[in-house]
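Let me begin by presenting the structure, written as structure tokens, before commenting on it.
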Amino acid sequence: MLRKILAFGLLFTPLFTFAQKSVFTHSDTLRGAITPERAWWDLTFYHLQVKPDAADSTISGSTRIHYKVLEPSQIIQVDLQEPLQIEKVVQDGQSLEYKRDGNAFFISLKKLQTTGRQESIEVFYSGRPRLAKRPPWDGGIQWVPDAVDNTIISTSCQGLGASVWWPCKDHMYDEPDSMMISVTVPANMKDVSNGVLRSVTDNPDRTKTYNWFVSNPINNYGVNMNVANYQSWNEVYQGEKGDLNVSYYVQPENLEKARIQFKQVPMMLKAFEHWFGPYPFYEDGYKLVEVPYLGMEHQSSVTYGNGYKNGYLGRDLSGTGWGLKWDFIIIHESGHEWFANNITYKDVADMWVHESFTNYSENLYTEYYFGKEAGSDYVIGTRKLIANDIPIIGIYGVNQEGSRDMYYKGGNMLHNIRQIVNDDKKWRQILRGLNETFYHQTVSGSQIEDYISKKSGRDLSKIFDQYLRDTRIPVLEYIFDGKGLKYRWANVVPGFDMPVKVKIGTLPEQFIYPKTDWQTMNAKGRKTLIVDRNFYVESNPGS
């Protein structure tokens, strides 16, 4: 589905730094651009059928791709990454010819494609997919032995692309309205994928096929396959839209500790429904699924590998102590159900829409249970992890994200903006309004910027430019002289005019409104100025 376009669990790692590419290839364009062979058709439904074989780490299957013709064309692009191979493509019983260009296949359609018609093709494929090297950051498929030598099979592919393990329209701008996922596994194993389990079929070859149905639009990297000898239990959460089915899947040896640790899930749902509005996928339920990697925000099938510890693998990323009060993966990856799965970027260059808001959700969760100052402590504590290396916004059209600062700097940017709005009721309405206005939509970052500016009642464009498109930290320069106080912004983009809250001498805390040229105010007899810690800025007294 081409979700409404008004304008055209990836998790961070503190152990690596990333640089923006300056030279791009033909393959980058095929992956990152809305090519003519993508643009003419609107994806409406997938049926993915896949059978992994642990004996030789291969997979085989097919994707049936349903689409609506937007304008006539006879060449359709489908993506599948090497070393996987397409075996055949069929439309209405006829085999079709295709040409491979790297990881893109260009399929020649025999049937005349007529505007408005609903059509479908089925793509059959097989091969030995890319092994995940360091999931989820460098993903693919994992084949990992469990405690009794069964093979756990898990997928993770954000950034890399879903076409690493199944044929699809591998671009974020277009999503199916719904999807069926059918995974065939050995009879002693279970598959857990997205959505609701509709049926399990017993096959003659001592395998079972698990058929999962996703009722809502879903992005490609959000689709997952998790195969293991899972133990599970369920509960019903009484949420804003009624009963939400919540399910948990874990390794047998971890069942008891999971029953304790996963009590944080209803707490997460309560906090995030308060801040962001109803959980976006009531029809598909919520699942938390143990995997052999850290975790990922797979839609309605959030994956978990945090060792049943609070914090990030037992560490508090903020250094304040508050990050040890909750399980980072449960909170962060579930926050993506609102910002990533409900509201989804059209181009990975705007990945901040996912990660800045979800980083900020950690602050809001902390505030909900431990108070406003605790939330502020947490987000401010993460500033030490900001690199200010390259801009947060990446390069459009070539599958290029920006700086990892989209996490901590992006979260602090949103915390800044909350101070400027200076009305917690209105700020909560903005966050909930985003999830209502852009419900199940793909968006550009500029749409989110414009919405927040409009609803806040203030032009925030220069603030977004400063924190998303520039690497400098704003500096408040000020001078006390015989006449009072002079102040201005330095180290900023042209026209930067962010108000900031300060305490001048013994006066009550107040907002001042610096610009890039000197402003003055009466502050006779005052000699000190302290900037409110909630603003991510620096200050520099002059003489």
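When the convex hull of the C-alpha atoms of the stretch 414-543 is computed, what volume per residue in Å³ does it have?
104
In Å, what Kirkwood hydrodynamic radius results for the stretch 61-176 from the alpha-carbon pair distances?
Taking the inverse mean of 1/r over all distinct Cα pairs, the stretch 61-176 comes out at 15.5 Å.
Rounded to the nearest 500, what is the 222 nm mean residue ellipticity of the chain from helices alone, with -39500 (n - 2.57) per DSSP H run of 4+ residues and division by all residues?
-6500 deg cm²/dmol
Let me understand the stretch 397-467 better: what is its radius of gyration from the alpha carbons, and its Dmax, in angstrom?
Values for the stretch 397-467 (Cα only, Rg and Dmax): 12.7, 39 Å.
Round to the nearest 10 and report in Å² the accessible area of Phe124, as given by a 1.4 Å probe over the protein chains' heavy atoms.
Rounded to the nearest 10, the figure is 50 Å².
How about Lys133: which lysines have a C-alpha closer than 23 Å to its C-alpha, ignoring those fewer than 8 places off in the same chain?
Lys21, Lys51
Could you calculate the contour length gain from Asp146 to Asn522, that is, 0.36 nm times the residue separation minus the distance between their Cα atoms, to one decimal place in nm? Walk me through the numbers before you get to the answer.
Working: separation 376, 0.36 × 376 = 135.36 nm, distance 7.05 nm.
Gain in length upon complete extension: 128.3 nm.
Taking the stretch 383-458, which chymotrypsin sites (Phe, Trp or Tyr not before Pro) meet the DSSP loop condition and have no more than 10 other C-beta atoms within 10 Å?
Nothing satisfies the criteria.
Which entries of Lys190/Lys325; Lys241/Lys426; Lys99/Lys169; Lys68/Lys99 show an alpha-carbon separation above 24 angstrom in the structure shown?
Lys190/Lys325
Quick one: if you stick a label point 7 Å off each Cα along the C-beta vector at Leu255 and Asp423, how many nm between them?
Inter-label distance under the simple model: 5.3 nm.
Ratio of alpha-carbon Rg to the 2.2 N^0.38 Å globular estimate for the chain, to two decimals, please.
The chain yields a ratio of 1.03.
May I ask you to rank His26, His354 by accessible area, largest first, using a 1.4 Å probe over the protein chains only?
The ranking, largest first, comes out as His26, His354.
On alpha-carbon atoms, Rg over Rh for the stretch 452-522 using Kirkwood Rh?
On the way: Rg = 13.3 Å, Rh = 13.2 Å.
Here Rg/Rh amounts to 1.01.
With only Lys, Arg, Asp and Glu charged, each at its Cβ (+1 for the first two, -1 for the last two), find how big the charge dipole of the stretch 212-273 is about the Cα centre; round to the nearest 20 debye.
Once rounded to the nearest 20, the dipole reads 80 debye.
Would you kindly state how much longer the chain becomes between Trp233 and Lys270 on full extension, computed as 0.36 nm times their sequence separation minus their alpha carbon distance, in nm to one decimal?
Extra length from Trp233 to Lys270 when fully extended: 11.3 nm.
Can you give the accessible area of Glu87, probe radius 1.4 Å, in Å² rounded to 10?
About 110 Å², rounded to the nearest 10.
First compute the accessible area of the chain with a 1.4 Å probe, then give the percent of it belonging to carbon and sulfur atoms.
Carbon and sulfur together cover 50 percent of it.
Quick check for me: using +1 on Lys/Arg Cβ and -1 on Asp/Glu Cβ, what's the dipole size of the chain about its Cα centre, in debye to the nearest 20?
The dipole of the chain has a size of about 1440 debye.
Which one, Leu476, Cys157, Gly140, projects farthest toward the positive side of the charge dipole computed for the chain from Cβ point charges (K/R +1, D/E -1)?
It is Leu476, whose Cα lies furthest towards the positive end.
Placing +1 on the Cβ of each Lys and Arg and -1 on the Cβ of each Asp and Glu in the chain, which of Asn188, Phe262, Tyr369 has its Cα farthest towards the positive end of the resulting dipole?
The listed residue farthest towards the positive side: Tyr369.
In debye, nearest 20: dipole of the stretch 123-212 around its Cα centre with unit charges on the Cβ of K, R (+) and D, E (-)?
For the stretch 123-212, the charge dipole is close to 200 debye.
For the stretch 90-247, with every protein chain kept in place, what is the accessible area per residue (1.4 Å probe, Å²)?
With the other protein chains kept in place, the stretch 90-247 gives 40 Å² per residue.
Going through the stretch 460-543, which GluC sites (Glu not before Pro) have at most 13 other Cβ atoms within 10 Å and a DSSP loop state?
Values: sites: Glu477, Glu509, Glu538; in loops: Glu509.
Those that pass, being in a loop and sparsely packed, are Glu509.
If only Cα atoms are counted, what is the Rg of the stretch 49-88, and what is its Dmax, in Å?
14.0, 45
The values are calculated or read from the model by the stated rules, or taken from the named source; none is laboratory data. Computed from a predicted model, the values in this text were never measured in an experiment. Heads up, the Cβs are rebuilt from the backbone with ideal geometry, glycines too, and the neighbour counts pull from every protein chain shown. Each accessible area value is taken on the protein alone, full model and side chains, heavy atoms only, with ligands, DNA and RNA left out. Shrake-Rupley method; radii C 1.70, N 1.55, O 1.52, S 1.80 Å.
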